[in-house]
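The values are calculated or read from the model by the stated rules, or taken from the named source; none is laboratory data. All of these numbers come straight from a predicted model, not from anything done at the bench. Backbone-built Cβ (ideal geometry, glycine too); neighbour counts: all protein chains shown. Surface areas here come from the heavy atoms of the whole protein model, side chains and all, with no ligands, DNA or RNA. Shrake-Rupley method; radii C 1.70, N 1.55, O 1.52, S 1.80 Å.
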Amino acid sequence: MAAADLSAFAWLLAGSVVLARVDLREHRLPARWTWGLGAGLVVIHGIGVLAGAGGERLGWAMVGGPAFGGLLLGLHLASPRSLGGGDVRLAVPLGFQVGWVTGNEVATGIAAVTALAALLTLIGGAVARRGRLGAGPLPFGPGLMAATLLVTAWYS
């Protein structure tokens, strides 16, 4: 894994821990944190491009962000109570990261993140109910972030 890729993974991991904690406690993803996560990824990958990582990867990242954000926006509009605006905002930097690591397989990467996030959220909800840890549904954000980290590790 190149230094820029490792730096991006570390940034994503740190941001995910903070955002997941907030989302699990408050069922919201603050805009300043989601956009900060995205800004950090853009800067890190921009430095990677300047260091010779290749502009093609940046191009795919620029496809991944809007594609994933658009997908979750569509889901949010179809069922606003099931998926919040914070999840839609979060999808943009996560899609950017997925596009960076998957390249021309960005659709596969986004599908993998979506499926893994749904699975992780369902499993987490079942565990929480069984252990009586929470009465309400689990937020989707932590699953999205965990799935993005898994896909990033798989493709890197």
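Computed quantities for the displayed model
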read-out	value
Flag if residue 54 is over 19 Å from residue 35 (Cβ atoms) and either under 12 Å from the mean Cα position of the chain (by Cα) or open to solvent by less than 50 Å² (accessible area, probe 1.4 Å) (or both)	yes
Selection from segment 7-27 of residues that are at pLDDT 95 or above, over 15 Å from residue 148 (Cβ atoms) and surrounded by fewer than 15 Cβ atoms within 10 Å (Cβ to Cβ)	21
Pair list, Cβ < 7 Å and 6+ apart or interchain, from segment 53-74 residues that are over 19 Å from residue 115 (Cβ atoms) to residues that are open to solvent by 40 Å² or more (accessible area, probe 1.4 Å) and not β-branched (Val, Ile, Thr)	53/2; 60/104
Qualifying position, being of a type in the set (Lys, Arg) and not in a helix (DSSP H, G or I), among 28, 89	28
Filtered residues of segment 107-156 (kept if over 15 Å from residue 87 (Cα atoms), open to solvent by less than 20 Å² (accessible area, probe 1.4 Å) and at pLDDT 95 or above)	109, 151, 152
Only listed residue being within 14 Å of residue 94 (Cβ to Cβ) and outside any loop (DSSP other than H, G, I, E, B), chosen from 74, 59, 70, 46	70
Residues of segment 72-131 satisfying the condition of being of a type in the set (Ser, Thr, Tyr) and at positive phi	none
